[in-house]
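The values are calculated or read from the model by the stated rules, or taken from the named source; none is laboratory data. Please read these numbers as outputs of a predicted model, since none were measured by experiment. Cβ placement follows ideal geometry from the backbone for every residue including glycine, while neighbour counts extend to all protein chains displayed.
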Amino acid sequence: MTEAVGAAPPEEDDERRLDGLESYVVRDGERSSLSLLAEGVHCGACVAKIERALEREPQVLEARVNLTSRRLSLAWRGPAARARELVAKVEALGFRLIPFDAQAAEDDDAAERKALLRAMAVAGFAAANVMLLSVSVWAGHAQGMTDTTRTLLHWFSALVALPAIAIAGQPFFRSALRALRAGHTNMDVPISLAVILAPAVSLLETIRHGPHAYFDSAVMLLFFLLVGRYLDRQARGRARQAATRLLALGARAVTVLTPDGRHRALPPRLVEPGMNVLVTAGERIGVDGRVKDGRSEVDTSLITGESLPQPTAPGAMVFAGTLNLSAPLTVTVARAGDDTLLAEVVRLMEVAERQKGRFVTLADRLASWYAPLVHGLALTAFLGWWLLGGLAWTDALLIACAVLIITCPCALGLAVPAVQVIASERLLKRGVLLKAATALERLAQVQHIVFDKTGTLTRGKPELVERGDIPATTLALATGLAAQSRHPLARALRRAVPDASVISGVTEHPGQGLQATLDGRRLRLGRRAWAAPTAPGTDTTALELWFADGTGNAWRLGFADELRDDAATALADLRRAGYSIELLSGDREPAVRAVAETLGIDRWTAEVSPAAKVGRLEELRGEHVRALMVGDGLNDAPALAAAHASLSPSSAMDVSQTAADAVFQGDRLGAVTETLATAKAADRVVRQNLALALSYNVLTVPIAMAGLVTPLIAALAMSASSLVVVGNALRLGYQRGGGSR
């Protein structure tokens, strides 16, 4: 609801800053593109204003602002020199643009959070002390306090409040000033006017030994507004770390093999196609390329959602971000740095977040016309009473100040945040953590739900479910072999038989299994074709290990990634609530089909890439279907960002949790139903609050303009409206959740 923050730099600084702008432009034929950091972007209205201004330019191909990272992605048809002209268009709106640098953006955001925290501390200190003095004045009115004592207390209030307002009001004052310089208004303009006029009139009244001063109203208003702004900045600061964490998976140095046989550590950005890199067992792969030498197994679950590690041999393609499990590999680089599949996932996330960042809350839409209306009413009251009503300009200014205070957007500003706080607390008690400011509003609009399989509908890790008639001692031998492996099925076997003794001298055959010699017997645990080639054949896609005890006997151990306990119940509840359900998974078709049939999901797709998931969500958006994405893997992160709303389990990797709008704890999938029901209830309460706030203004503004309200009464009325809104929001905490739509 605010626009630009921060004083405009001197013109000569801007000239120096823009001198080298063309060097940051990327040319591709006739297309020029540039990434910029938009300083002062704080809400959906800011995003819309910048995008509309640029899209009106005939040769602009793309103008998208990511609200979370404040990154402006700009593309146009024409020479690089036109960058300065386009930047000037945006800066005329009151925003400052600089070439995008992730570290600079993070530093700028951290500095702003510190400034807001300092301002909030100053306002809180002043509010507490001025309120103590005000209580003394109010008590004195009823107990015969002399004018001299009252004026002295007013002077003490002024000594505390005026410096505090000058310091703590800077974020609002600077924002309002830049908006006015750019020829428009924002919500900070009436806030600044009220915060300045109330103490100014109070100071005048103190000098004249008047009975009333309103320093307390100004500092209390300032404190609560700063609290809201700081919390919003903190929430968006956490969200901004998503892409950073994702890129960190592929940012580790890689070991390059030089032609003379030496090893050299290089960052991925310096690695070139054609180089050979060494990837040791247990190391995360840092490049995309083909295996030149070595056989191993690679855990690709973070990229594809595939639950089984994939065997790799010379000629196989491997990707940055995946994990080499079994043996060293030599990989010939095909792509590195910003060209890898992992980097493409980051770009998919950023594109998706830009679209989500354009979502404007209902309160933001109301605020677009609220500020100019308030200014007009206050000015009308001042001029009417001064020029036509015959009042002195100071008395007319008091009436205008009362109008500004009584119409102060506290109730409107609290209408959404108060509900968000109560709904967030309600969901937190049920194990759901809300992360995005607009999440509740978007969750309430959901019509269609897209689920991932592995780790979402299922528990995300295989468990031993079939051991047949294998003797306990034989099972212990198999588990002793498994203790030497990082393979997911070997780990599952160790979880099932935790007390088994570890067998020494185990040799791992990459892509095949484990082998050891015990008492002259050759023990093998691994794939059927290797460990027990004469055993009856089974489905090669099954989650299984075979154990041969060296005496001619072989046993099959079956594993399964089991469904969450309440998966069937939760999906049935969602269907009854009217939601349609779809399954998109990067896992193998047999595994996806089995889950879909078990849960009664008619529409499902297997072996889906991250880009394809985003494509499906874009298709749903094109059909005007608002979709909720529920997923947990790295391959789900772009889809979580692209969906109208998104949920992720707490077992998900950090990147997916950060990209999601909410994270649910525990093994219960019913949290999805509860979250949607709470969002529906919150949406109803928000609309009630907005109606109450607007009704309050319709009733009180005419009274204030008629001169029947002093600034003190206006402050009390404004506080009362805020209490009504908060009280209505509190009802949400006592409502029972339901699944109906």
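Just a few scattered comments:
- Selection status of Leu132, farther than 26 Å from Asp395 by Cα, free of Cβ contacts under 8 Å to residues at least 40 places away in the same chain and not assigned by TED's automatic domain parsing to the domain that holds Arg96: yes
- Here Val195 fulfils each of the conditions (1) modelled with pLDDT of 85 or more; (2) among the β-branched types (Val, Ile, Thr); (3) under 18 Å from Ile406 (Cβ atoms) apart from (1).
- Trp604 meets all of the listed conditions (1) hydrophobic (A, V, I, L, M, F, W, C); (2) in contact with a strand residue (DSSP E or B) (Cβ under 8 Å, 6 or more places away or on another chain); (3) touching a residue at least 60 places away in the same chain (Cβ under 8 Å) but one, namely (3).
- In the stretch 503-514, residue modelled with the highest pLDDT [restricted to those that are part of a strand (DSSP E or B) and surrounded by 20 or more Cβ atoms within 10 Å (Cβ to Cβ)]: Leu514
- Residue count, the stretch 486-502 (criterion: in a loop (DSSP other than H, G, I, E, B), of a type outside the set (A, V, I, L, M, F, W, C) and either in the same structural domain as Leu620 (by TED's automatic domain parsing) or without any contact (Cβ under 8 Å) to a residue 60 or more places away in the chain (or both)): 3
- Residue match in the stretch 553-576 (condition: among the polar types (S, T, N, Q), within 30 Å of Met629 (Cα to Cα) and in contact with a Gly (Cβ under 9 Å, 6 or more places away or on another chain)): yes
- Of all residues in the stretch 611-628, those that are touching a strand residue (DSSP E or B) at 6+ places or on another chain (Cβ under 7 Å) and surrounded by fewer than 16 Cβ atoms within 10 Å (Cβ to Cβ) total 1.
- Number of residues in the stretch 113-162 that are among the small types (Gly, Ala, Ser), closer than 19 Å to Val219 by Cα and over 37 Å from the mean Cα position of the chain (by Cα) equals 4.
- Restricting the stretch 198-242 to residues that are modelled with pLDDT under 75 and of a type in the set (Lys, Arg) leaves a set whose member that is nearest to Ile167 (Cα to Cα) is Arg229.
- Where strands (runs of 3 or more DSSP E) sit wholly within the stretch 524-610, those with at least 2 residues that are more than 42 Å from the chain's Cα centre (by Cα) and crowded, with 17+ Cβ neighbours inside 10 Å occupy 544-548, 554-560.
- Restricting the stretch 35-57 to residues that are modelled with pLDDT of 80 or more and assigned to a helix (DSSP H, G or I), the residue that is surrounded by the most Cβ atoms within 10 Å (Cβ to Cβ) is Ile50.
- Test: Thr380 is of a type in the set (Ser, Thr, Tyr), more than 23 Å from Tyr696 (Cβ to Cβ) and modelled with pLDDT of 80 or more: no
- Test: residue in the stretch 468-479 that is crowded, with 22+ Cβ neighbours inside 10 Å, free of Cβ contacts under 8 Å to residues at least 24 places away in the same chain and under 25 Å from Gln310 (Cα atoms): yes
- Looking across the stretch 23-34 at every residue that is under 25 Å from Lys49 (Cβ atoms) and not in a strand (DSSP E or B), the one that is modelled with the lowest pLDDT is identified as Tyr24.
- Condition broken by Phe156, with the remaining ones in (1) of a type outside the set (Asp, Glu); (2) more than 25 Å from Arg113 (Cβ to Cβ); (3) in contact (Cβ under 8 Å) with a residue 40 or more places away in the chain satisfied: (3)
- Yes/no for Leu193 being aliphatic (A, V, I, L, M), touching a His at 6+ places or on another chain (Cβ under 8 Å) and either closer than 18 Å to Arg118 by Cβ or part of a helix (DSSP H, G or I) (or both): yes
- The criterion of at least 3 residues that are modelled with pLDDT under 85 is met, among strands (runs of 3 or more DSSP E) falling completely within the stretch 622-741, by 662-664.
- Qualifying residue in the stretch 96-114 (condition: in a loop (DSSP other than H, G, I, E, B) and on the phi < 0 side of the Ramachandran plot): yes
- Any hit, the stretch 596-619, residues being in contact with a Phe, Trp or Tyr (Cβ under 7 Å, 6 or more places away or on another chain) and farther than 12 Å from Thr456 by Cβ: yes
- Meets criteria (farther than 30 Å from Asp683 by Cβ, polar (S, T, N, Q), surrounded by 18 or more Cβ atoms within 10 Å (Cβ to Cβ) and at pLDDT 85 or above) for Thr454: no
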